[in-house]
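K.L.:
Encoded as structure tokens, here's the structure I'll be asking about.
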Amino acid sequence: QVQLVESGGGLVQSGGSLRLSCAASGSLFSIYTMDWYRQAPGKQRELVAVITSGGRTNYADSVKGRFTISRDNAKNTVYLQMNQLIPEDTAIYYCHTLAGYSYWGQGTQVTVSS
């Protein structure tokens, strides 16, 4: 079983930055592909960014060039650096991994004011 705990959300003005963290339990973190999803009010949950065990990354078109996903295997943590935030980025952000089962964190709220 894998537990995921997100942190780092908050309220920021348009154009600002936030860094989200997701701490994972267990000793197999380094082999997991890790994802960040987000869900805005009234909308479906969408994939934001992915990082593989080898460090390959992929991003949703809406965040390319503004968001960066990274990982620190020594700390069992994945990060999402979010720059140039816009109001449309307002959502609950979730950490996720598929490790034989789909595991989700509890989510962290990001609110971007205009």
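The values are calculated or read from the model by the stated rules, or taken from the named source; none is laboratory data. As the structure is a computational prediction, the values presented were derived from the model and not from experiment. We place every Cβ from the backbone using ideal geometry, glycine too, and count neighbours over all the protein chains shown. Accessible surface areas use protein heavy atoms only, side chains included; no ligands, DNA or RNA. Shrake-Rupley method; radii C 1.70, N 1.55, O 1.52, S 1.80 Å.
K.L.:
Please enumerate the residues belonging to segment 6-56 that are free of Cβ contacts under 8 Å to residues at least 24 places away in the same chain and touching a His at 6+ places or on another chain (Cβ under 9 Å).
P.N.:
Residue satisfying the conditions is L47 alone.
K.L.:
Further, regarding this structure: Scan (1) of a type in the set (F, W, Y); (2) in contact with a Cys (Cβ under 7 Å, 6 or more places away or on another chain); (3) under 19 Å from S113 (Cβ atoms) for the single condition Y93 breaks and write down its number.
P.N.:
(2) is the only condition that Y93 fails.
K.L.:
Still on this structure, I have one more. So which pairs qualify, if the first residue must be in segment 92-106 and in contact (Cβ under 8 Å) with a residue 24 or more places away in the chain, the second must be assigned to a loop (DSSP other than H, G, I, E, B) and open to solvent by less than 40 Å² (accessible area, probe 1.4 Å), the Cβ gap must be under 6 Å, and the two must be at least 6 apart or on different chains?
P.N.:
The qualifying pairs are I92/G107; Y94/G105; Y94/G107; C95/G105; T97/Y32; A99/V2; A99/Y32; Y103/V2.
K.L.:
Right, next: Among (1) exposed (fewer than 15 other Cβ atoms within 10 Å of the Cβ); (2) touching an Asp or Glu at 6+ places or on another chain (Cβ under 8 Å); (3) part of a loop (DSSP other than H, G, I, E, B), there is one condition S27 misses while meeting the rest; what is its number?
P.N.:
(2)
K.L.:
Does Q1 satisfy the criteria of being open to solvent by 60 Å² or more (accessible area, probe 1.4 Å), within 28 Å of S113 (Cβ to Cβ) and assigned to a loop (DSSP other than H, G, I, E, B)? It would help to see each step written out before you state the result.
P.N.:
Details: open to solvent by 60 Å² or more (accessible area, probe 1.4 Å): yes; within 28 Å of S113 (Cβ to Cβ): no; assigned to a loop (DSSP other than H, G, I, E, B): yes.
Here the answer is no, as Q1 does not meet what is asked.
K.L.:
If you don't mind, another one. Considering only segment 104-114, state which residues are of a type in the set (V, I, T) and crowded, with 18+ Cβ neighbours inside 10 Å. Explain how you work it out, then say what you get.
P.N.:
First, the residues of segment 104-114 that are of a type in the set (V, I, T): 108, 110-112.
Those that are of a type in the set (V, I, T) and crowded, with 18+ Cβ neighbours inside 10 Å: T108, V110, V112.
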